[in-house]
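The values are calculated or read from the model by the stated rules, or taken from the named source; none is laboratory data. Just so you know, these numbers come straight off a predicted model, no measurement behind them. Cβ coordinates were reconstructed from backbone atoms using ideal geometry, including for glycine residues, and neighbour counts include every protein chain displayed. Keep in mind that these areas ignore ligands, DNA and RNA; they rest on the heavy atoms of the full protein, side chains included. Shrake-Rupley method; radii C 1.70, N 1.55, O 1.52, S 1.80 Å.
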Amino acid sequence: MKARGGKPAYGASVGILMLDTRFPRVPGDLGNAATWPFPVHYKVVRNATPDLAVRGDSKEILPRIIDAARDLADLGVDGITTSCGFFSLFQDEISRSVNVPVASSSLMQVALVNATLPPGKKSGILTISGSTLTPAHLAAANVPADTPIGTTEDGREFTRAILENETKLDVNAACEDNVEAALALQRRHPDIGALVLECANMAPYAAFIRAATGLSVYSIYSFVTWFQSGLSPRVFARHSI
């Protein structure tokens with residue numbers, strides 16, 4: 001057996017571009033390393049705050065996003081994802097800047113999930129900010145324009161705590177916000193057959209949303225575990241080639 005070199009770090013195939021945050025990242029959150037059943041590399045995009053990424057003009061930080069992506073690629077990751085579903089806007093720009101696959105947003109799952117659903121059913125999206133999730137974000141992720149969208153903006157904890165970058169989070173209240181928003185979306189659109197969670201901070205609540213709605217729920221966790229399974233396929237047996 002001969003080992004192959006060429007990069008400075010090994011063993012973590014996924015690199016994650018992180019917003020510059022201070023809010024708590026509980027187990028299940030993309031930014032909590034214990035969430036993953038495999039090693040990951042993190043790179044913080046400095047001054048990329050949640051509010052700027054979701055409610056501001058995030059294009060002003062695109063050069064820093066690209067620099068951070070290049071740093072991850074130079075470190076040796078085999079693929080790159082991000083900690084914000086709104087970064088679907090930058091899928092093409094990030095992809096052109098590195099020589100590894102890029103999965104910029106959980107929203108990219110919508111088309112795949114739709115393909116699995118029975119006739120007459122389609123995915124719905126749950127987002128942290130329905131007022132700023134634009135047709136451009138959806139189009140960049142190949143999401144059909146008529147996809148139903150629900151939001152936690154009317155909740156009492158989740159959207160505020162994350163976007164204001166608060167250092168404390170009432171996890172139970174955040175979970176309730178997510179479940180209530182999902183149920184409201186389901187009531188408005190009974191043709192929804194599955195939910196895709198736009199926000200990378202929603203993944204800790206996916207199981208509770210599933211229990212409340214009875215719908216399949218897809219998050220950044222499901223997306224990145226799928227992504228990683230192709231970057232580093234599981235070895236089932238040793239064979240001579």
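Residues of region 193-239 that are in contact with a strand residue (DSSP E or B) (Cβ under 9 Å, 6 or more places away or on another chain), under 18 Å from residue 128 (Cβ atoms) and outside any helix (DSSP H, G or I): 195, 196, 197, 198, 199, 200, 202, 217, 218, 219.
In this structure, does residue 200 turn out to be under 18 Å from residue 37 (Cα atoms), in contact with a Gly (Cβ under 9 Å, 6 or more places away or on another chain) and in contact (Cβ under 8 Å) with a residue 40 or more places away in the chain? It would help to see each step written out before you state the result.
Details: under 18 Å from residue 37 (Cα atoms): yes; in contact with a Gly (Cβ under 9 Å, 6 or more places away or on another chain): yes; in contact (Cβ under 8 Å) with a residue 40 or more places away in the chain: yes.
Considered against the rule, which asks whether it is under 18 Å from residue 37 (Cα atoms), in contact with a Gly (Cβ under 9 Å, 6 or more places away or on another chain) and in contact (Cβ under 8 Å) with a residue 40 or more places away in the chain, residue 200 comes out as yes.
Among the residues of region 207-236, the ones that are farther than 17 Å from residue 37 by Cα, open to solvent by less than 50 Å² (accessible area, probe 1.4 Å) and of a type in the set (A, V, I, L, M, F, W, C) come to 4 in all.
Look at (1) over 16 Å from residue 110 (Cα atoms); (2) free of Cβ contacts under 8 Å to residues at least 40 places away in the same chain and you find that residue 178 fails only one, number (2).
Exactly one residue among 12, 53, 3 is touching a Cys at 6+ places or on another chain (Cβ under 8 Å) and of a type outside the set (S, T, N, Q), and that residue is 53. Looking at region 1-104, the helices (runs of 4 or more DSSP H) lying wholly inside it that each contain 2 or more residues that are at pLDDT 95 or above, at negative phi and surrounded by 24 or more Cβ atoms within 10 Å (Cβ to Cβ) sit at 50-55, 62-75. In region 167-192, what residues are within 20 Å of the chain's Cα centre (by Cα) and either assigned to a loop (DSSP other than H, G, I, E, B) or β-branched (Val, Ile, Thr) (or both)? Within region 167-192, 169, 171, 179 qualify. Scanning region 115-149 for residues that are outside any loop (DSSP other than H, G, I, E, B), in contact (Cβ under 8 Å) with a residue 24 or more places away in the chain and open to solvent by less than 70 Å² (accessible area, probe 1.4 Å) gives 122, 123, 124, 125, 126, 127, 136, 137, 138, 140, 149. Put simply, of 57, 71, 92, 78 the only residue that is in contact (Cβ under 8 Å) with a residue 24 or more places away in the chain, more than 23 Å from residue 7 (Cβ to Cβ) and charged (D, E, K, R) is 92. Summed over region 208-229, the residues that are of a type in the set (Gly, Ala, Ser) and touching a residue at least 60 places away in the same chain (Cβ under 8 Å) give a count of 3.
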